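Starting off with a structure, shown below.
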């Protein structure tokens, strides 16, 4: 399976702290994406990093990609209660730009006020 | 439309009944996807459409599941003779797929929650 796996499964922190989530995958990819899902809602795209990039920033989000280790991390800085959600990494079919995305089981992040 | 619209948002049915779930993608999005999410689980891929054709339907769990897309727009996922294990949230997503885009970013609907009693 090419499915990415997020780690940890659950993360609980206080507001203001940083949250780091990791994703490992199995096959070569040309990009990796992170999505967020609030309870009872659909997924929302957060950020995409391409295989030739090592780090990317978007607001309070920082994503890294290590293709040699087949892993990625998502860092949320200065977390807020509103960041409470599940976070998923997604990878495309092997070497493909099109077709399905593979999602992991997600990391459930809880940020306490 | 402005976003991906799914209906119904909630469906409760009895075991053995057929159900139809509808997805209205973003206008102009050529690709449409169906995923299933069971409680506390990740997303399970079901089927993907490019235009009206389905290049990848390998995720459909059984022949009770079928999907179609007409006019390159609305899609319907049909589950025949529903079973309790079909209970899940069915998520639809669409994307503007193409070499020029360079990556496949999905926009999801809010999902249809199916409960089979």
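Every number here is computed from the coordinates shown, using simple stated rules; none is lab data. Just so we're clear, the structure is a prediction, and the values are computed from it rather than from any experiment. Cβ: placed from backbone, ideal geometry, glycine included. Neighbour counts: every protein chain shown.
Would you kindly work out the equivalent ellipsoid of the stretch B:46-117 from its C-alpha gyration tensor and give its semi-axes, the square roots of five times the eigenvalues, largest first in whole Å?
25, 14, 11
Also: Could you check which residue among B:88, B:103, B:31 shows the biggest mean-square fluctuation in a GNM of chain B with a 10 Å Cα cutoff?
Among B:88, B:103, B:31, the largest GNM mean-square fluctuation belongs to B:103.
Among B:5-12, A:55-62, what's the highest-first ranking by average C-beta atoms within 10 angstrom per residue?
B:5-12, A:55-62
Let me ask another. For the stretch B:1-74, state what percent of all Cα-Cα pairs lands in each successive 10 Å bin, counting from 0 Å until the bin that includes the largest distance.
17, 48, 31, 3
Continuing with the same structure: If you build the Cα gyration tensor of the protein assembly as shown and take the root of 5 times each eigenvalue, what three semi-axes come out, in whole angstrom, biggest first? Could the numbers behind the result be given before it?
Working: eigenvalues 173, 89, 48 Å².
Value: 29, 21, 15 Å, ordered largest first.
Let me know the shape class of the stretch A:36-113, please: from the alpha-carbon gyration tensor, a ≥ b ≥ c as square roots of the eigenvalues, rounded when a/c is under 1.5, otherwise prolate if a/b is greater than b/c, or oblate.
Because a/c hits 1.5 or more and a/b fails to exceed b/c, the stretch A:36-113 counts as oblate.
I'd like the distance separating the alpha-carbon centroids of the stretch B:35-73 and the stretch A:32-78, in whole Å.
Spelled out, the Cα-based centre of one part sits 25 Å from the other.
While we're looking at this one, here's another question. In the stretch A:1-71, what is the volume of the convex hull around the alpha carbon atoms, normalised per residue and reported in Å³?
In the stretch A:1-71, the Cα hull volume divided by residue count equals 118 Å³.
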